[in-house]
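Here's the structure we're looking at; comments come further down.
The values are calculated or read from the model by the stated rules, or taken from the named source; none is laboratory data. Being a predicted model, the structure only gives us computed values, none of them experimental. Cβ coordinates were reconstructed from backbone atoms using ideal geometry, including for glycine residues, and neighbour counts include every protein chain displayed.
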Amino acid sequence: MEKQTPESEVLFELADLFKVFGDSTRLRIMYALSEDEKNVLSIAEELGMEQSTISHQLRILRANKLVRGRREGKQIWYSLDDDHVKKIIEMGLDHVLE
């Protein structure tokens, strides 16, 4: 059985998803979140970056449904949206390290 090429719109969405993964800062944030949920301050400290930079990138990641936030009081705790995101990162790393 031959695979059917997805609709152009679906391929455009896939290309947009890969554009989000094309930024090393966003990848570093997602990798940091692959182990445990964290708040902006802990991500910024772990990566040695400004909180404003982390917040900006988290907005992009949330808009693309790669990261989600959970409010606890005044803090928002971020985690990867689902296991698919972690698998994409792991598969990409496997490919690069091969």
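Observations on the model:
- The residues of the range 41-87 that are among the acidic types (Asp, Glu) and under 19 Å from LEU17 (Cα atoms), listed by number, are ASP81, ASP82, ASP83.
- The helices (runs of 4 or more DSSP H) located wholly in the range 1-80 that include 2 or more residues which are more than 15 Å from the chain's Cα centre (by Cα), surrounded by 10 or more Cβ atoms within 10 Å (Cβ to Cβ) and of a type in the set (D, E, K, R) occupy 40-47.
- Cβ separations smaller than 8 Å between residues 6+ apart or across chains give no pair from the range 8-27 residues that are closer than 28 Å to VAL40 by Cα and among the hydroxyl-bearing types (Ser, Thr, Tyr) to residues that are exposed (fewer than 11 other Cβ atoms within 10 Å of the Cβ) and modelled with pLDDT under 95.
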